[in-house]
Amino acid sequence: MTTEIVATNQTILVVGGGISGMTAAIEAAECGKQVILLEKNPSIGGRVAQLYKYFPKLCFPTCGMEINTRRIKMNRNVRVVTMAEVTKVTGKKGDYSVEINISPRYVNENCTACGDCSNAVSGEFANEHNYGLNKRKGAYLPFAMAYPQRYVLDPAMIGTDDAAKAKEACKYNAIDLEMQAQTLQLKVGAIIWATGWQPYDANKIRPYAYDRNPNVITSVELERMMDPFGPTGGKILRPSDGKEAKDIAFIQCAGSRDHNYLKHCSRICCMASLKQTTYLRERYGNEGKATVYYIDIRAIDRFEDFYLKVRKDDNINFIKSKVANITLDKETGNPVLNGVNTEGYHRYSNPHELVVLAVGMQPSVDFANLSIDISVNEHGFIEADEESGMFAAGCAADALDVNRAVQSATASTLRAIQVINQLSAAEA
Amino acid sequence: MTATEKYRNNFLQEVIANVEEGEWVRMCMQCGVCSGSCPLGPHWEHPPQEIFMMIRANKRQEVLSSSSMWYCTSCYNCIARCPRGLPITHIMHGLAHYGRKLGVAPKELPTIKFSMLFWENLVQKGRVNELKLGLRLYFMNGFMNGIKTALKMQKIGLGMFLTKRMTPMEMLGGHGCKDAKGLQAILKKAQQIEDAKTVKQG
């Protein structure tokens with residue numbers, strides 16, 4: 001089976017199916033343009049699908065994602081291609097040739113997402129959607145809201161008994177173990193790079209003992225723990241002993257604003273941590289206690305209100321200090337934070353039940369080392385280029401929160417549409 | 001005092017002009033990771049990030065006469081962790097040196113005494129004479145203390161002699177570089193240049 005995709009130089013290619021890519025694709029499509037949306041994972045949704053709540057309204061991303069997914073599903077102008085990666089781009093504005101590599105999913109469109117294949121297999125793998133906090137089967141749906149609603153077979157399963165069992169269990173003849181990777185050549189007029197971000201590797205921040213102390217976790221992991229269908233069923237459990245953590249420390253700028261790690265301010269982490277402090281009250285009422293260790297709180301413009309609201313809560317403490325290091329209290333398993341409170345120069349060694357590192361945001365694609373003609377700044381984010389027909393949307397362009405990523409995506413869509421319109425005007 | 005008193009950062013300007021690596025003081029963002037990382041942190045008067053704030057707050061006398069900079073053991077933990085890349089260890093040494101040059105550094109600190117003994121020992125021959133330096137250190141705090149320390153250390157001294165790490169012959173002159181006189185002339189000249197560079201500020 002091969003995938004047939006029709007593309008011309010009137011087509012806009014959107015690379016990345018997170019919130020920015022989805023927005024860019026929908027908006028271009030709803031303006032009547034032909035759009036191809038590529039996603040390297042088996043489902044679109046990206047990092048936003050992994051969040052429990054958004055700030056500042058504290059509503060659930062699943063709600064907004066569902067609306068967007070539906071808009072994509074309803075629109076004939078968008079073609080979504082999952083498990084696809086761009087390997088080469090040549091040409092110029094209005095006339096790009098793109099080489100795409102599509103990995104085999106081993107499940108075709110007959111799939112009804114019944115789950116029989118998953119029940120039939122026994123092999124388990126780390127669950128990427130939950131940052132490896134739990135395991136998933138070798139035949140799996142990436143997450144409950146996945147789009148397309150279609151199972152995937154882990155490539156490591158192919159050739160094993162498990163794969164045969166999965167095929168046997170499928171009543172709809174949806175499993176195709178012979179599926180091969182394929183390479184496609186597309187012609188497109190404009191490209192929107194919405195390749196998004198990845199959390200900074202917390203292991204690189206050696207003094208914070210992320211790899212040595214199980215009770216030091218990252219902010220993205222806490223988001224997964226809060227999900228009622230997540231790895232801990234919505235409870236904040238300490239990885240070391242599975243006890244509920246009610247006294248949680250948040251360390252800001254974990255990897256950001258630091259010339260040893262990421263030089264830039266990741267911009268979202270202050271608000272993300274402030275948001276996460278509200279989870280404690282949500283789960284434990286008056287029993288939850290949060291302590292935020294910060295250099296300065298960057299709750300910009302209207303987010304100030306959110307910050308002031310959090311600051312009023314007596315159960316949430318703020319300590320102005322970049323934590324020097326984290327040691328371990330062997331008896332309780334508590335991480336102990338050491339440093340100096342710079343408001344008054346008080347030295348502290350504070351034990352907490354759980355430590356959440358507000359990890360920084362870095363571009364998920366290293367464009368500087370790809371053979372694509374695109375310029376990036378010193379932090380790896382894509383620079384705007386007036387002459388080019390390639391545009392960055394969302395976190396490929398800068399460290400942005402969801403709101404600003406969507407704004408950035410809309411802006412790139414408009415630029416891409418202009419390229420296409422100029423082209424058709426010239427050809428007419 | 002006038003209603004619109006000028007923001008006084010004369011001392012910061014002085015530090016930038018006269019202290020080695022002093023221009024970096026402006027870059028400190030007061031995160032406190034240096035103070036938290038310092039192994040001697042609990043023992044000294046002002047940790048680095050506090051010193052930097054004091055410089056900006058024009059606390060000239062307090063900073064230069066402080067013993068804090070003299071506690072630095074050059075472990076470089078602060079430099080390794082500073083998010084802005086400040087050469088904190090070097091700034092500390094620069095401040096210590098500047099305070100001593102102006103004659104306001106505390107007199108009775110063992111680290112200052114050691115530094116001076118080391119320097120005097122070094123410039124005589126252009127090489128450190130470990131035997132003489134060691135003995136002078138023993139007697140740094142009085143004659144009786146010196147005898148006590150010498151007795152306590154005699155085994156180590158003997159061991160060093162037997163493994164040819166130190167010889168009593170060093171007492172008689174000792175080894176040196178080829179042209180000790182020339183070296184002393186160079187150092188003298190350097191001192192003159194250094195003194196001329198120091199910007200006088202009040």
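The values are calculated or read from the model by the stated rules, or taken from the named source; none is laboratory data. Predicted model, so just to flag it, every value in this text is computed and none were measured. As a convention, Cβ positions derive from the backbone with ideal geometry for all residues, glycine included, and neighbour counts pool all protein chains shown.
Counting only residues that are assigned to a helix (DSSP H, G or I) and within 14 Å of another protein chain (Cβ to nearest Cβ), which one in the range B:50-61 is nearest to A:VAL340 (Cα to Cα)?
Taking the candidates together, the pick is B:GLU50.
Can you say whether A:ARG206 is under 30 Å from A:VAL376 (Cα atoms) and not hydroxyl-bearing (Ser, Thr, Tyr), as far as the supplied structure shows?
Yes; evaluated as a whole, the condition is true for this residue.
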**Asked** Does the range B:115-129 contain any residue that is surrounded by fewer than 17 Cβ atoms within 10 Å (Cβ to Cβ), more than 30 Å from B:LEU187 (Cβ to Cβ), at pLDDT below 95 and in contact with a Phe, Trp or Tyr (Cβ under 9 Å, 6 or more places away or on another chain)?
**Response** no
**Among the candidates A:ARG238, A:ARG267, A:ARG257, A:ARG281, residue that is modelled with pLDDT under 95 and under 24 Å from the mean Cα position of the chain (by Cα)** = A:ARG267
**Prompt:** In the range B:22-38, how many residues are over 17 Å from the mean Cα position of the chain (by Cα) and within 11 Å of another protein chain (Cβ to nearest Cβ)?
**Reply:** 11
**Flag if A:CYS59 is free of Cβ contacts under 8 Å to residues at least 24 places away in the same chain and not aliphatic (A, V, I, L, M)** = yes
**Prompt:** If we only count strands (runs of 3 or more DSSP E) wholly inside the range A:87-203, which ones have 1 or more residues that are free of Cβ contacts under 8 Å to residues at least 60 places away in the same chain and out of contact with any His (no Cβ under 9 Å at 6 or more places or on another chain)?
**Reply:** A:124-126, A:135-137
**Request:** For residues that are over 10 Å from the mean Cα position of the chain (by Cα), farther than 30 Å from A:CYS265 by Cα and among the small types (Gly, Ala, Ser), tally how many sit in the range B:75-106.
**Result:** 2
**Request:** Would you list the helices (runs of 4 or more DSSP H) that sit entirely within the range B:140-202 and hold 1 or more residues that are over 26 Å from the mean Cα position of the chain (by Cα), acidic (Asp, Glu) and closer than 23 Å to B:GLU120 by Cα?
**Result:** none
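Look at A:SER103 and say whether it is modelled with pLDDT of 95 or more and closer than 19 Å to A:GLY21 by Cβ.
Yes; evaluated as a whole, the condition is true for this residue.
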**Complete:** The residue that is surrounded by the fewest Cβ atoms within 10 Å (Cβ to Cβ), considering only those in the range A:147-173 that are touching a helix residue (DSSP H, G or I) at 6+ places or on another chain (Cβ under 8 Å) and hydrophobic (A, V, I, L, M, F, W, C), is A:ALA169
**Complete:** Of those in the range A:223-265 that are among the hydroxyl-bearing types (Ser, Thr, Tyr) and within 14 Å of chain B (Cβ to nearest Cβ), the residue nearest to A:HIS352 (Cα to Cα) is A:SER256
**Prompt:** For A:ASP366, all conditions in the list (1) of a type outside the set (Ser, Thr, Tyr); (2) over 30 Å from A:ASP385 (Cβ atoms); (3) surrounded by fewer than 16 Cβ atoms within 10 Å (Cβ to Cβ); (4) more than 14 Å from chain B (Cβ to nearest Cβ) hold save one; what is the number of the exception?
**Reply:** (2)
**Message:** Taking the conditions exactly as written (away from chain B (no Cβ under 14 Å) and at positive phi), does A:GLY394 satisfy them or not?
**Reply:** yes
**Prompt:** From the residues in the range B:78-92 that are within 12 Å of chain A (Cβ to nearest Cβ) and without any contact (Cβ under 8 Å) to a residue 60 or more places away in the chain, which one is surrounded by the fewest Cβ atoms within 10 Å (Cβ to Cβ)?
**Reply:** B:GLY85
**Prompt:** Is it true that some residue in the range A:397-405 is in contact with a Phe, Trp or Tyr (Cβ under 6 Å, 6 or more places away or on another chain) and basic (Lys, Arg)?
**Reply:** no
**Complete:** In the range B:26-66, anything among the aliphatic types (A, V, I, L, M) and either surrounded by 21 or more Cβ atoms within 10 Å (Cβ to Cβ) or without any contact (Cβ under 8 Å) to a residue 24 or more places away in the chain (or both) is listed as B:VAL33, B:ILE51, B:MET54, B:ILE55, B:ALA57, B:VAL63, B:LEU64
**Request:** For the range A:235-259, enumerate the residues that are free of Cβ contacts under 8 Å to residues at least 24 places away in the same chain and outside any strand (DSSP E or B).
**Result:** A:GLY242, A:ASP258, A:HIS259
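Quickly run through the range A:368-417 and pick out the residues that are of a type in the set (S, T, N, Q) and assigned to a helix (DSSP H, G or I).
A:ASN369, A:ASN403, A:GLN407, A:SER408, A:THR410, A:SER412, A:THR413
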**Prompt:** Here are A:LYS204, A:LYS165, A:LYS135: which of them is of a type outside the set (Ser, Thr, Tyr), in the same structural domain as A:CYS253 (by TED's automatic domain parsing) and over 30 Å from A:ILE12 (Cβ atoms)?
**Reply:** A:LYS204
